[in-house]
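Structure first, commentary second.
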Amino acid sequence: MNNMEAIASLQQMNMEYDRLNHQKRQYAVLTYGCQMNEHDSEMIAGMLESMGYILAQSINEADIIIINTCCVRESAEQKIYGKIGSLKKIKEERPHLLIGVSGCMMQKPNELNRIRRIAPHVDFVLGTDMIHTLGNVILDAYTQRKLVVQISPDEYRQIDEGLPHSRQDDYRAWVAIMHGCNNFCTYCIVPHVRGRERSRTPTAIISEITQLTRKGVKEVTLLGQNVNSYGRGLQTPIDFSDLLMMVNNIPNIQRIRFMTSHPRDLTEKLIKTIEISKHVCEHIHLPAQAGSDRILQLMNRGYNQLQYLELLTQIRERIPHVSVTTDIIVGFPGETEDDFQETLKLCVKAQWDTAYTFIYSNRSGTTASTMVDQIPIAVKKRRLQELMALQNEISLKINQQLLSTTLEVMVEGESQNDAQTLAGRTRTHKLVLFPKLTNLMPGDIVQVRIDEVKTWTLHGQVVPYDTGR
Ligand code: SAH
Ligand code: SF4
Ligand code: F3S
């Protein structure tokens with residue numbers, strides 16, 4: 001049965017269920033990992049809705065639960081296995097419940113055996129780039145007594161094009177512009193589980209974003225493991241700067257974001273494009289990963305500390321008020337105290353707005369996993385604390401320069417902790433909290449005068465405004 005036929009069969013089955021039980025079958029998707037996974041989950045949700053499932057208010061009511069997994073660090077895997085384990089009881093109480101596990105973790109060799117061994121209550125497994133097969137997988141899971149498996153067999157995969165999405169927000173959207181990664185940073189599992197780099201065609205991307213803006217989307221975030229290498233291998237010669245310009249010209253788009261930028265591939269042309277494109281936001285996520293040249297080389301990053309800093313200077317000269325954020329790993333195999341000091345030095349010199357800091361996690365199958373001299377966990381934890389303390393000071397100092405300024409903020413919604421407070425983001429991706437005004441809706445643009453700053457947030461008051469609606 002082809003995928004369309006499978007979806008049609010499920011629609012029939014679900015309609016029949018609805019007729020007999022006077023309620024629709026419900027779904028839940030639990031997402032771990034990065035934005036690319038969030039985006040995949042929206043596609044999984046879109047597929048489930050096209051089969052006739054509706055979103056469950058809680059997982060206890062769901063008839064099908066899909067856990068979309070990440071394996072970038074061991075801590076993510078531990079959390080996920082904890083969650084899978086906790087579903088065993090729900091399944092015992094509701095035997096008709098289908099449980100699926102999807103995403104990066106399922107593309108690791110031996111993971112299937114682990115699921116079979118410790119999670120026999122799982123009904124199906126779906127690898128990355130396999131969302132188009134979900135109809136057949138679910139149909140098989142209803143009819144077969146054994147684990148149904150659909151994982152990507154090779155590294156050179158097709159792109160899931162034209163599938164429905166059920167997006168979380170009406171005013172903003174993730175848009176994948178490419179899939180996979182060719183960089184093979186030696187610590188990283190992503191290229192092993194997401195396959196080789198493939199770019200979507202500009203036509204597919206522009207048409208998707210145009211349709212989104214027609215439905216009211218004002219902000220898009222273009223996603224790829226390394227957006228700066230967009231276009232390689234496409235028939236039409238095009239690079240990421242060209243694509244940004246095209247997106248910038250789409251009517252009614254207000255903000256364009258993108259991630260992630262690999263420092264090695266960030267060109268002068270791109271800096272210029274960000275500078276002159278009105279809707280491209282002044283924020284670059286530029287993972288440095290480490291400060292020591294020796295470690296950067298062992299990581300296979302393709303730049304040294306000086307080159308990274310020169311790039312930063314160039315960016316800051318050309319793009320006024322730009323914010324730059326980064327990712328840093330501490331405790332890469334063989335990282336000496338001197339190497340770590342280089343990371344601290346880079347932190348001071350780079351003056352990042354925010355750094356996402358991670359303890360190196362050994363991922364089997366990667367080159368670094370077999371390197372000798374893995375660093376003891378106590379040392380890694382101490383280095384992480386030191387780095388975070390330093391970075392927090394820097395983030396706060398940078399934010400203090402924003403005191404008493406007025407910034408353009410796009411409203412996201414109520415703050416997580418307080419229904420009387422609204423949260424929004426500056427073009428530079430800083431989180432701003434301000435007292436709620438009832439006429440404001442997510443996606444509205446307001447001017448906020450900043451009167452208090454913290455390490456992670458800015459606080460202020462809306463100044464008399466035009467919402468831009
Ligand atoms: N393609 C993106 C995202 C990769 S995963 C990029 O290149 O930035 C996000 C971050 O997780 C990476 O930037 C890196 O800092 C971190 N990371 C990846 N593998 C890791 C590992 N084995 N241990 C700890 N952190 C890791
Ligand atoms: Fe991983 Fe490096 Fe690719 Fe990012 S660029 S996904 S860190 S291999
Ligand atoms: Fe993202 Fe985790 Fe996969 S970071 S690409 S979901 S391994």
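The values are calculated or read from the model by the stated rules, or taken from the named source; none is laboratory data. In this text, all values refer to a predicted model and were calculated from it rather than measured experimentally. Neighbour counts are summed over all protein chains in view; Cβ atoms, including those assigned to glycine, are modelled from backbone coordinates with ideal geometry.
Looking only at segment 52-111, filter to residues that are within 16 Å of ligand 2 (Cβ to nearest atom) and more than 14 Å from Thr31 (Cβ to Cβ); which one of those is farthest from the chain's Cα centre (by Cα)?
Lys108
Can you list residue pairs whose Cβ atoms sit under 6 Å apart, with the first residue in segment 40-51 being farther than 8 Å from Leu134 by Cβ and modelled with pLDDT under 95 and the second being surrounded by fewer than 23 Cβ atoms within 10 Å (Cβ to Cβ) and polar (S, T, N, Q)? Count only pairs 6 or more apart in sequence or on different chains.
Cβ pairs passing all conditions: none.
In segment 164-187, which residues are among the polar types (S, T, N, Q) and under 14 Å from the mean Cα position of the chain (by Cα)?
Gln168
Please enumerate the residues belonging to segment 267-282 that are of a type outside the set (Val, Ile, Thr), under 20 Å from the mean Cα position of the chain (by Cα) and buried (at least 20 other Cβ atoms within 10 Å of the Cβ).
Of the residues in segment 267-282, the ones of a type outside the set (Val, Ile, Thr) are 268-270, 272, 275, 277-279, 281-282.
Next cut, under 20 Å from the mean Cα position of the chain (by Cα) only: 281-282.
Matches in segment 267-282: Cys281 only.
Hey, can you tell me all the residues within segment 96-117 that are part of a helix (DSSP H, G or I) and out of contact with any helix residue (DSSP H, G or I) (no Cβ under 7 Å at 6 or more places or on another chain)?
Within segment 96-117, the subset part of a helix (DSSP H, G or I) is 104-107, 111-117.
The answer is Met106, Leu112, Asn113, Arg114, Ile115, Arg116, Arg117.
Would you pick out the residues in segment 48-68 that are in a helix (DSSP H, G or I) and either among the polar types (S, T, N, Q) or in contact with a His (Cβ under 8 Å, 6 or more places away or on another chain) (or both)?
Ser50, Asn60 - these are the residues of segment 48-68 that are in a helix (DSSP H, G or I) and either among the polar types (S, T, N, Q) or in contact with a His (Cβ under 8 Å, 6 or more places away or on another chain) (or both).
Quick grid of which residues meet (1) touching a strand residue (DSSP E or B) at 6+ places or on another chain (Cβ under 8 Å); (2) of a type in the set (Lys, Arg); (3) within 12 Å of ligand 1 (Cβ to nearest atom); (4) assigned to a helix (DSSP H, G or I):
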position: Pro237; (1), (2), (3), (4): no, no, no, no
position: Leu244; (1), (2), (3), (4): yes, no, no, yes
position: Ile250; (1), (2), (3), (4): no, no, no, no
position: Arg257; (1), (2), (3), (4): yes, yes, no, no
position: Ser261; (1), (2), (3), (4): yes, no, yes, no
position: Ile271; (1), (2), (3), (4): no, no, no, yes
position: Glu275; (1), (2), (3), (4): no, no, no, yes
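Given the conditions (1) under 22 Å from the mean Cα position of the chain (by Cα); (2) in contact (Cβ under 8 Å) with a residue 60 or more places away in the chain; (3) closer than 24 Å to Gln168 by Cα, report the number of the one that Thr366 does not fulfil.
(3)
Of the numbered conditions (1) at pLDDT below 95; (2) crowded, with 16+ Cβ neighbours inside 10 Å; (3) farther than 18 Å from Asp169 by Cα, Ser415 fails exactly one; give the number of that condition.
Ser415 satisfies all of (1) at pLDDT below 95; (2) crowded, with 16+ Cβ neighbours inside 10 Å; (3) farther than 18 Å from Asp169 by Cα except (3).
Looking at the structure I just gave you, is Cys181 within 15 Å of ligand 3 (Cβ to nearest atom), within 30 Å of Leu126 (Cβ to Cβ) and free of Cβ contacts under 8 Å to residues at least 60 places away in the same chain?
Judged against the criteria, Cys181 is a match.
So in segment 344-373, with the set limited to residues that are away from ligand 2 (no atom under 16 Å from the Cβ), part of a helix (DSSP H, G or I) and closer than 17 Å to Leu298 by Cβ, which one is modelled with the highest pLDDT?
Step by step, filter segment 344-373, then rank; the result is Leu346.
Determine, yes or no, whether Leu139 is in contact (Cβ under 8 Å) with a residue 40 or more places away in the chain, of a type outside the set (Gly, Ala, Ser), more than 16 Å from ligand 3 (Cβ to nearest atom) and within 19 Å of Thr69 (Cα to Cα).
Against the criterion (in contact (Cβ under 8 Å) with a residue 40 or more places away in the chain, of a type outside the set (Gly, Ala, Ser), more than 16 Å from ligand 3 (Cβ to nearest atom) and within 19 Å of Thr69 (Cα to Cα)), Leu139 does not qualify.
Go through the residues of segment 391-402 one by one and say whether even a single one is part of a loop (DSSP other than H, G, I, E, B) and surrounded by 15 or more Cβ atoms within 10 Å (Cβ to Cβ).
Our first condition is that a residue be part of a loop (DSSP other than H, G, I, E, B); within segment 391-402, this holds for 401-402.
Checking which are surrounded by 15 or more Cβ atoms within 10 Å (Cβ to Cβ) leaves us with 402.
The answer is yes; a qualifying residue exists.
Could you tell me how many of the residues in segment 374-390 are in a helix (DSSP H, G or I) and in contact (Cβ under 8 Å) with a residue 12 or more places away in the chain?
Residues meeting the conditions: 10.
Suppose we filter Tyr356, Tyr360 for residues that are touching a Ser or Thr at 6+ places or on another chain (Cβ under 9 Å), within 16 Å of ligand 3 (Cβ to nearest atom), under 30 Å from Arg194 (Cβ atoms) and not small (Gly, Ala, Ser); which single one remains?
The conditions single out Tyr356.
In segment 278-319, how many residues are closer than 15 Å to Glu335 by Cα, within 16 Å of ligand 2 (Cβ to nearest atom) and part of a helix (DSSP H, G or I)?
Number satisfying all stated conditions: 4.
Could you run through segment 434-452 and say how many residues are surrounded by 21 or more Cβ atoms within 10 Å (Cβ to Cβ) and assigned to a strand (DSSP E or B)?
4
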